[in-house]
Every structure is written in C-alpha cells, then in structure tokens.
Amino acid sequence: MDDQNKKGAVKTILITSIAVAIVLIIGATMYVWQVTGRNPIQQLSDIFVGNPESDGGSDGGDFGSSSSGGSSSSSSSGSSGSSGGGGDGGGSSSSGGVPLCTMRQIAHSLINREEINTCNTEENGICISKTTNCSIEIHNNDADMEGTFSLSLNFLNESGYNLKSAFKELMLGPSEKGTFQEAYNIESTGINGSANQEIRCFFNTLDIPEKEVCF
C-alpha cells in the first residue's frame with residue numbers, strides 16, 4: 001500500500017512538473033512574441049527545418065533585381081547618347097539622331113543714332129517753333145538671310161511726355177543696312193512750351209526676322 005502511494009505521489013509530481021514547464025514555455029513564448037513582434041516558433045522552424053518559400057523568394061528577388069539593373073543601365077546609356085546628340089549638332093546628325101532646333105532673331109545692330117533740334121522761330125528769347133530730326137541706322141548682320149525689320153520712334157519732351165510716335169519697316173538683304181529717319185515740327189508758346197525744350201528721340205525694335213538654328 002505504501003509503494004502504491006509513493007508511485008501515485010511521484011506520478012502526480014511528474015505530471016505537475018510537466019504542466020508547470022509547459023505553462024512556463026508558453027508564457028516565455030508569448031513574451032518573446034510581444035517584445036520582438038515575431039513568432040518564435042516560426043523562427044525555430046526556419047532555423048532547424050528551413051523555409052523553402054523564403055529561399056525561393058530571395059533567389060527570385062535577386063534575379064529580378066539583376067534584370068531590372070540591366071534594363072536601367074541600357075536605358076541610361078540610350079538617354080546619354082540622346083543627350084550627347086542634342087548638345088552637339090554635328091554628332092547628332094552623323095549618328096542619325098534628331099537635332100534640337102529653335103527659332104532665333106538674326107544678328108542685327110542699331111548704330112549712329114542722331115537727334116537734331118532746330119529752332120525755326122524765336123520770340124523774346126523763347127523758341128515757339130522747332131523742328132526735331134531723329135535718325136538711326138539698322139544693320140542686318142546675317143550673311144545669308146534677308147527680312148523685314150520693324151522699328152518705332154517716340155519724340156519726348158523734357159518732362160517725358162510723348163509728343164509723337166512713328167513706325168517704319170525696312171526690308172534688308174543679307175549684310176545690308178538701312179536708315180530710319182523722321183522729322184517732327186513743334187509749335188508752342190511760353191517758356192514752358194515744348195518748342196522751347198530739348199526734344200529727345202527714343203527708338204525701339206518691334207519685329208526682327210528669325211531663322212531656325214539647330215544644335
């Protein structure tokens with residue numbers, strides 16, 4: 001009877017110990033899961049058994065990355081070749097690429113500007129009638145292209161008031177020059193009249209011929 005009681009007691013202790021161990025293992029597992037955010041059972045499985053899907057995915061990812069890298073290198077090389085052609089017109093033409101073209105004004109210049117004020121009638125030291133002559137030369141500096149050049153002229157008194165505006169178009173051939181000349185007669189009274197002031201001439205270009213320039 002004593003032997004049976006002893007065996008029963010040992011069996012109870014053994015079962016209790018196993019249960020306690022299982023509880024501890026489960027508790028430790030849950031703690032690790034919460035702290036690391038990863039399933040420790042899956043981690044042990046990966047270490048001792050291996051994860052074929054993970055390995056295959058890794059190999060597939062490497063292959064995809066390598067393929068993508070090769071494609072990117074090819075695209076970059078093509079882009080580099082295109083950029084080189086755009087920057088160098090000669091290189092682009094010889095390699096069969098499309099040149100980069102834009103419209104630009106042809107070379108020109110405005111020189112020899114003149115303004116001459118002549119008092120025609122004076123009264124008590126005050127000019128009451130004046131003629132102002134304005135002129136300027138425009139040069140077509142392009143050796144190959146002709147075109148129409150449009151200019152404007154404004155006659156301004158000393159106060160900056162625009163007394164008159166004039167416009168002119170000149171058809172100039174390659175390397176040709178033309179003159180824009182205009183006269184204005186002014187009549188006024190008093191010391192502050194426009195005829196008694198210096199009249200200034202201001203020229204502006206309105207329209208200049210353009211040509212296509214390719215690089």
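Values quoted throughout were computed directly from the atomic coordinates according to the rules given, and no laboratory measurement underlies them. Predicted model, so just to flag it, every value in this text is computed and none were measured. Here the Cβ positions follow ideal geometry from the backbone for every residue, glycine too, while neighbour counts run over all protein chains shown.
Quick look at the numbers
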item	result
FRET efficiency estimate (nearest 0.05) - Cβ-Cβ, residue 98 to residue 210, R0 30 angstrom	0.90
Modelled FRET efficiency - R0 45 Å, residue 150 with residue 192, Cβ distances, 0.05 increments	0.85
Among 116, 149, 134 the positive-end extreme of the charge dipole of the range 94-182 (Cβ point charges)	149
Label point distance in nm, residue 15-residue 121, each placed 7 Å from Cα along Cα→Cβ	14.0 nm
Calculated from backbone phi, Karplus (6.51, -1.76, 1.60) coupling profile of the range 153-166 in Hz, x at Gly/Pro	9, 10, 9, 10, 7, 5, 8, x, 7, 7, 7, 7, 10, 9
Spin-label model distance (nm) - residue 6 vs residue 28, 7 Å beyond Cα toward Cβ	3.2 nm
Integer Hz, Karplus 6.51/-1.76/1.60 couplings in order for the range 122-130, x for Gly and Pro	10, 9, 6, x, 10, 6, 10, 8, 9
Overall dimensions of the range 103-214 as given by Cα atoms, namely Rg and Dmax in Å	17.5, 65
Extension gain from residue 113 to residue 159, taking 0.36 nm per residue of separation minus the Cα-Cα distance	14.4 nm
